[in-house]
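A.B. asks: Before I ask anything, let me first share the structure, which is written out below as structure tokens.
The values are calculated or read from the model by the stated rules, or taken from the named source; none is laboratory data. The structure presented is a predicted model; accordingly, all values stated were derived computationally and were not measured. Backbone-built Cβ (ideal geometry, glycine too); neighbour counts: all protein chains shown. Keep in mind that these areas ignore ligands, DNA and RNA; they rest on the heavy atoms of the full protein, side chains included. Shrake-Rupley method; radii C 1.70, N 1.55, O 1.52, S 1.80 Å.
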Amino acid sequence: MTAAAVLLAAANAGAVTPDDEPALPGDAKVVLNDGTVVGANDEIEFTFTGDKPATKTPQATRACPEVNDPPTYKVKGTPYFLPDKSKPQSTWLLPRQTVSWAITGSHTFTFDVSGGYEAEAKIIVAKAKVSVDVKVGNSWTWTGTQTVTDTNTTSKGYRAVLGQVGWKLTAVKTWIGAPCNVKTKTIVVKAPRKGDMSIGRQNS
């Protein structure tokens, strides 16, 4: 099952995981509200070509015409847990304990980008929407009524955190800079997607 298909499976049931180690929301496994566990094994990859440079470099063109080539982006994506920051809820669960939250109203999640590359981050998310998941976007507001439940079936305690599952998109941009040097930079985007609220698990 692809990551997109797994993410689309979120529903309104109790969340359980067979592993003793709790997941780390955002970094490892995420327990969806139907009990599905998503994580590193659901990684996807895609590449795309960006726009050509706005201004050409005539002098460098003679020696290295590649400086006027458009950049390429190689993107890896994994499901990523986004804690609800506007209306946070969390609780510590010992083994065999259960938490159930009745969620109402509006809960908004927005994308987060490292390094201040917001314009490029929006391009990456737009490409991911076409290549990976039609429900991913720059912002998503969940509105309605839902009950989310998590039962700790592991042998260790962990913190249950209210949130939503999106994507972590790590893009490596490569281009040729004058005089004729290969340059790269990494852009990390954590983007929400349309979908139900979920519970993630963290160690503390």
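A.B. asks: Please go through the stretch 79-128 and give me each residue that is assigned to a strand (DSSP E or B), farther than 23 Å from V189 by Cβ and touching a residue at least 60 places away in the same chain (Cβ under 8 Å), ordered by number.
C.D. replies: Matches in the stretch 79-128: S90, T91, W92, L93, T98, V99, W101, I103.
A.B. asks: Among the numbered conditions (1) in a loop (DSSP other than H, G, I, E, B); (2) open to solvent by 30 Å² or more (accessible area, probe 1.4 Å); (3) on the phi < 0 side of the Ramachandran plot; (4) in contact with a Lys or Arg (Cβ under 8 Å, 6 or more places away or on another chain), tell me where W140 comes up short.
C.D. replies: (1)
A.B. asks: Would a scan of the stretch 180-187 turn up a residue that is surrounded by fewer than 18 Cβ atoms within 10 Å (Cβ to Cβ), over 23 Å from F48 (Cβ atoms) and over 13 Å from the mean Cα position of the chain (by Cα)?
C.D. replies: Residues of the stretch 180-187 surrounded by fewer than 18 Cβ atoms within 10 Å (Cβ to Cβ): 180-186.
Adding the requirement that they be over 23 Å from F48 (Cβ atoms) leaves 180.
Retained after the next criterion (residues that are over 13 Å from the mean Cα position of the chain (by Cα)): 180.
Yes: the stretch 180-187 contains one or more residues that are surrounded by fewer than 18 Cβ atoms within 10 Å (Cβ to Cβ), over 23 Å from F48 (Cβ atoms) and over 13 Å from the mean Cα position of the chain (by Cα).
A.B. asks: OK, next. Suppose we filter T149, T153 for residues that are surrounded by 15 or more Cβ atoms within 10 Å (Cβ to Cβ), among the hydroxyl-bearing types (S, T, Y) and not in a loop (DSSP other than H, G, I, E, B); which single one remains?
C.D. replies: T149
A.B. asks: For the condition within 30 Å of N181 (Cα to Cα), at pLDDT 55 or above and open to solvent by less than 60 Å² (accessible area, probe 1.4 Å), what is the one hit in V67, V99, V30, V37?
C.D. replies: Numbers: V99 fails: within 30 Å of N181 (Cα to Cα); V30 fails: within 30 Å of N181 (Cα to Cα); V37 fails: within 30 Å of N181 (Cα to Cα).
Only one candidate passes the filter, namely V67.
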